[in-house]
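Here is the structure we will look at.
What follows is calculated from the coordinates using simple rules that are stated; it is not laboratory data. It should be emphasised that the depicted structure is a prediction, and the values quoted were computed from it without experimental measurement. Neighbour counts are summed over all protein chains in view; Cβ atoms, including those assigned to glycine, are modelled from backbone coordinates with ideal geometry.
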Amino acid sequence: MNKQHLDKIISLCKRKGFVFPNSEIYGGLKASYDYGPLGVELKKLISELWWKEMTRSHQNIVGLDSAIMVHPDVWEASGHIANFNDPMTDNKDNKKRYRIDDLLSRQKSKVIDAICSKLNMENTSNDDIYNDIAQTLLSDGAKSDGVLENAGVIDPYSGSIGKWTSAVQFNLMFKTDSGPSEKTGKSIYLRPETAQGIFINYLLVQNTMRLKVPFGIAQIGKAFRNEIVARNFIFRTREFEQMEMQYFVHPSQDDSSMELWKQKRLDFYLNHLGVKSENLKFHQHNEDALAHYAKDAYDIEYNFPFGWGEVEGIHNRTDFDLKQHEKFSGKNMTYFDTKSQEKYHPYIIETSTGLNRLFLMVLCESYFEDTENNRVVLQLPYELAPIKAVVCPLVKKDGLPEKAMSVFDALNKEFPCVYDEQGSIGKRYYRQDEAGTPFGITLDHQTLEDESVTIRERDSMKQTRVSIDKISTFIHDNK
């Protein structure tokens with residue numbers, strides 16, 4: 001799938017009611033989107049599938065819904081105040097601001113070679129090199145002035161070599177004010193991740209649910225990051241939903257647990273979301289690129305129209321978070337094993353994915369241009385289709401609309417359906433193909449004679465005649 005396909009998917013999303021530009025009547029708000037009638041259903045189906053897989057499929061994993069705003073010391077303890085930032089640079093001419101690693105990823109290889117030569121770095125020719133350069137520019141300070149300009153780094157907006165400012169840190173958290181912040185002199189932040197809410201509650205959850213290590217806590221919720229570069233449609237936005245599960249293990253079991261969850265999470269994409277194996281890969285973070293809390297980290301990446309992009313992170317966070325919160329709060333954060341009489345800080349294996357990114361991945365994976373039949377099809381798995389079937393009377397007379405509506409009413413109680421009597425039957429089918437609806441049910445004059453309908457399958461376009469009382473069974477058997 002090439003980059004042009006992303007534009008077609010964006011167009012389909014607006015046309016069919018999956019995703020709308022936010023505040024469009026006011027000119028729009030950059031990197032902000034609203035989810036329409038079909039979009040909110042698809043998001044819900046993806047999140048419910050994830051929730052079922054991560055909680056109801058495990059006796060030792062439970063859920064939590066923590067607050068978006070927490071005590072400001074939480075972010076001091078977690079390291080977000082000091083470390084949650086990106087090196088950035090501005091073009092002095094047009095005042096455009098860029099995250100340095102993102103800017104470098106769009107440059108030609110000879111430009112990267114020139115920068116590495118000036119900084120006495122080895123060009124490793126992988127994605128981590130861009131972050132390595134950014135960190136070096138930041139740490140070298142004034143010594144690095146002019147490096148980007150002299151190497152010929154192009155401004156993607158103007159298309160010419162930019163006059164670049166020195167690298168500076170840009171904190172990604174949104175600040176806000178509330179009563180307590182005025183009294184304490186500290187800022188309140190919108191959470192940039194959902195994980196810390198799990199860590200500060202882990203002992204309360206463990207005690208109330210009588211959990212034994214290993215156990216997990218799962219959460220779905222909004223997070224906010226003041227991204228310098230927000231692009232590629234809904235892939236990177238400033239407001240998004242995370243789906244995380246933090247798995248608490250004995251320190252001696254961290255490596256084996258890491259491998260376990262790598263396989264489980266990959267299986268979710270292959271066998272539950274229906275993603276092709278060739279469109280997925282693991283990317284291991286090298287030692288220099290690891291987050292400050294991580295012992296080991298892998299990303300599951302998907303081959304989007306704009307290239308490989310992270311859809312999920314699987315990290316060994318060690319006991320860093322629990323020890324930090326113990327240090328800053330003064331509260332004991334150790335787990336006591338009553339059987340072994342051992343007290344320790346559990347290690348944490350994190351699985352964290354973005355619901356928005358999974359949404360985009362599912363659309364990219366499902367989008368199909370059927371040139372032979374001159375149609376666009378969203379080949380969504382049945383479980384993820386917002387609408388399961390469309391019910392259509394062939395003509396708007398002879399009592400067919402009334403009969404079709406009675407069929408619709410019965411089926412809609414079992415699974416989401418729509419009723420459509422506008423336009424030719426072919427156009428009605430094609431409208432629903434674009435929406436990903438797996439089945440089309442048509443009532444015609446024969447229906448009035450023998451109580452039978454035609455069921456048309458989305459992907460194969462195969463049509464089968466069945467009796468009305470067998471529609472549900474047919475759909476169940478062929479979904």
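Considering Cα pairs under 8 angstrom that are at least six residues apart, work out the relative contact order of segment 8-137 and quote it in whole percent. Relative contact order comes out at 12 percent. Principal semi-axes of the equivalent ellipsoid, √(5λ) from the alpha carbon gyration tensor of segment 144-298, are 35, 26, 17 Å from largest down. With the charge dipole of segment 18-58 set up from +1 on Lys and Arg Cβ and -1 on Asp and Glu Cβ about the Cα centre, the Cα lying farthest toward the positive end among the listed residues I25, M54, P37 is that of M54. Determine the percent antiparallel among the DSSP beta bridges restricted to segment 324-479, to the nearest 5. Antiparallel bridges make up about 65 percent of those DSSP assigns within segment 324-479. With each label modelled as a point 7 angstrom along the Cα→C-beta vector, the E421-N60 pair spans 5.8 nm. For a paramagnetic label modelled on F20 (point 7 Å from Cα along Cα→Cβ), amide N atoms under 19 Å away belong, within segment 41-65, to 41-44.
Debye-formula intensities of segment 381-479, expressed as log10 I(q)/I(0) at q = 0.23 Å⁻¹, are -1.29 (one equal scatterer per alpha-carbon, no solvent). For the peptides 388-396, 272-280, 95-103, the ranking by packing is 388-396, 95-103, 272-280, with the highest mean count of neighbouring Cβ atoms within 10 Å listed first. Legend: residue pairs K262/K295; K403/K479; K16/K397; K222/K327; K95/K163, Cα-Cα distance threshold 19 Å; pairs beyond threshold, K403/K479; K16/K397; K222/K327.
Full extension of the segment from E372 to E310, taken as 0.36 nm per residue of separation minus the current Cα-Cα distance, would add 19.0 nm. Please label the shape of segment 94-195 as rounded, prolate or oblate, based on the square roots a ≥ b ≥ c of the eigenvalues of the alpha-carbon gyration tensor (a/c under 1.5 means rounded; beyond that, a/b larger than b/c means prolate, else oblate). Because a/c hits 1.5 or more and a/b exceeds b/c, segment 94-195 counts as prolate. Helical content alone sets the calculated 222 nm signal of the chain at -10000 deg cm²/dmol, taking -39,500 (n - 2.57) per DSSP H segment of four or more residues and averaging over every residue. With neighbours defined as other Cβ atoms within 10 Å of a residue's Cβ, the residues V62, V74 order from fewest to most as V62, V74. Taking 1.306 mPa s as the viscosity and 10 °C as the temperature, the Stokes-Einstein diffusion coefficient of the chain based on its alpha-carbon Kirkwood radius rounds to 62 µm²/s. Histogrammed with a bin width of 5 Å, the alpha carbon distances of segment 272-330 distribute as 4, 17, 19, 17, 14, 12, 8, 5, 3, 1 percent, first bin at zero.
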